[in-house]
Every structure is written in structure tokens, then in C-alpha cells.
Amino acid sequence: MIIGSKFYHLTETNSTNDYVKQILNETPEGTVVVADVQTAGKGRKGRAWYSPEGGMWMSVLLHQCQNYLIPLTAGVAICEAFHNYDITPAIKWPNDILLNGKKIAGILTEINDNKVILGMGINLNVREFPDDLKQRASSILLETKKHFDTQIFYQHLCRALDENYMALKEEQVETLLAKWRKNSAMLGRDVRIELPDREIVGKVLDIDQQGGLIVMRADYGIEHVIAGDCRLLN
Ligand code: BTN
């Protein structure tokens, strides 16, 4: 198994993604860094990521391979890790994992020196959220009223990530897309996607080979959206 071949457990760090950046050239592919607390956790688009004790804040060093599909691969792996507990979260494109409509995990990939740092923030046993996040974010603990053993969850996640990362390396794109469809909150939903220069409103038809969302506008025009902020409308 590549994922977790080397493992660092930190009680506290600013960001596990930044920690991996520092050891990038001296550690093998699949190295995992987990922190109990992040003091400057990073989210997408320069946002902060709330990272108190109780969460699983984890970064994995991967090598370049169809990078645009790495977040999708990670999303599938997170969902599959939860299937071991009969919990079925849903992937909200591009990178959010939802349970009961609330965000319970997020994914941030960064590229450095031709390597990919895959960061996953999973709100496992987080007990409470600040007021500005409460509406949209939750944890597995809050949603299921059960406490999760982080070490066992870590094993499930590494196994699922390893399996799906291997599929990605072997270019089994259709297999990954089929898994994404199964775990997705998107198909058939009405969405509004904000792009830097315009916004797209339409119905989600599918995902494409690059991980782009295929959306049909009200005038039946088809868009392939590679990146953007997406809001579910129904
Ligand atoms: C998002 O949804 O905005 C992405 C959140 C990613 C958070 C994780 S926690 C582990 C890793 N280290 C970070 O600083 N960020 C990612």
C-alpha cells in the first residue's frame, strides 16, 4: 500500500499541507501527515479552515497523475471510508462532502515541485462550530451522535484512498467516474455556479472525463464547467 507508507502524527501544526511542503523532497509518495489541531488550516480560495481537536486534518503526498481528478478520487475515498459505518455522505461538486445537507469534509489540493499535496479536512468528532459556520458545516459526531475512533477511521480512509489512487494511476477513469456518480449529490439537481466572469444556472447532467460538471442551461445549452463555486438550488 502506497498511502500511509510513511506517517507523521503531529499534535499541532499550522497546516498539514504546509508541513508536507517542507518535507516534499525527502519523503516518499504516499507519505501522510495528520495533525490533531491546525492553527492556520487552509480551505479553498484562500479561506480559513476551522481545525480544532476532534477532526481528522490530513495531507497526503502524491505524484503528478491526471491532477484534475485527484480531488474527485479523494471525495470518492472519503465516502467509501464512511460506508464501513453505514454512513452515506454525498459529494457536492467540486470538493465538498455533505451529510444531511451539511459540509462534513473538504478537500484542498496544491501542486509544488511537480508533486501534489492532497489535503483532506474531515469533521469527525468536532463538537461545535462557530456561529458563522453552524448553518453549513457539521461533524459526523453531531450528525450521528456517535464518537468515532480516529485510528480506525484513518485505516479505512487510507485503504479507500490507496485503492482509488491506484485506479487513477492505471487510468481507470470510467471506474472512478462511476463511483463518483454513485456517491454524488449532484445528478439531476438544479445548480448555480459562479465563475469569475459570469454565472451558470442549470441542471446537472453528468461529470466529464476531466472531472468537469456537465450542466444544461434553461435554453438547453450544454456547459462543461471545470471549476467554480456551486450552489444547489433544489
Ligand atoms: C475546503 O473545503 O475549503 C478545503 C478544506 C481542506 C482542509 C484540509 S485540513 C488538512 C489540510 N491542511 C490544510 O491546511 N487544509 C487541508
### Message
Conditions first: (1) open to solvent by 30 Å² or more (accessible area, probe 1.4 Å); (2) within 16 Å of the ligand (Cβ to nearest atom); (3) touching a Leu at 6+ places or on another chain (Cβ under 9 Å). R47 passes all but one, so which condition is the exception?
### Response
(3)
## Note on the structure
Cβ pairs under 8 Å, 6+ apart or interchain, first in region 172-191 and touching a residue at least 24 places away in the same chain (Cβ under 8 Å), second in a helix (DSSP H, G or I) and open to solvent by 20 Å² or more (accessible area, probe 1.4 Å), ordered by first then second residue, are K179/E80; N183/E80
#### Entry: The lone exception for Y68 - which of (1) within 10 Å of the ligand (Cβ to nearest atom); (2) hydroxyl-bearing (S, T, Y); (3) open to solvent by 10 Å² or more (accessible area, probe 1.4 Å) it fails
(1)
### Yes/no for Y8 being not in a strand (DSSP E or B) and not charged (D, E, K, R)
no
### Task
Just name the residue that is farthest from L98 (Cα to Cα) out of those in region 179-234 that are among the small types (G, A, S), open to solvent by less than 30 Å² (accessible area, probe 1.4 Å) and out of contact with any helix residue (DSSP H, G or I) (no Cβ under 6 Å at 6 or more places or on another chain).
G221
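Conditions (1) under 22 Å from L233 (Cβ atoms); (2) open to solvent by 60 Å² or more (accessible area, probe 1.4 Å); (3) among the acidic types (D, E), marked per residue:
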| site | (1), (2), (3) |
| --- | --- |
| E80 | no, no, yes |
| L98 | yes, no, no |
| S138 | yes, no, no |
| Q151 | no, yes, no |
### Query
How many of the residues in region 192-228 are in contact (Cβ under 8 Å) with a residue 40 or more places away in the chain, assigned to a strand (DSSP E or B) and within 19 Å of the chain's Cα centre (by Cα)?
2
### Task
For residues that are in a helix (DSSP H, G or I) and among the acidic types (D, E), scanning just region 11-39, find the one that is nearest to the ligand (Cβ to nearest atom).
D18
### Among the residues listed as K42, K103, K92, the single one being among the basic types (K, R) and more than 9 Å from the ligand (Cβ to nearest atom)
K92
## Note on the structure
Expected single match for aromatic (F, W, Y) and over 30 Å from L177 (Cβ atoms) among Y85, Y8, Y68 is Y8
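The values are calculated or read from the model by the stated rules, or taken from the named source; none is laboratory data. Just so it is clear, the structure is predicted and the values come from calculations on it, not from any experiment. Every residue, glycine among them, receives a Cβ derived from its backbone with ideal geometry; neighbour counts consider all protein chains shown. With ligands, DNA and RNA removed, areas are computed over all heavy atoms of the protein, side chains included. Shrake-Rupley method; radii C 1.70, N 1.55, O 1.52, S 1.80 Å.
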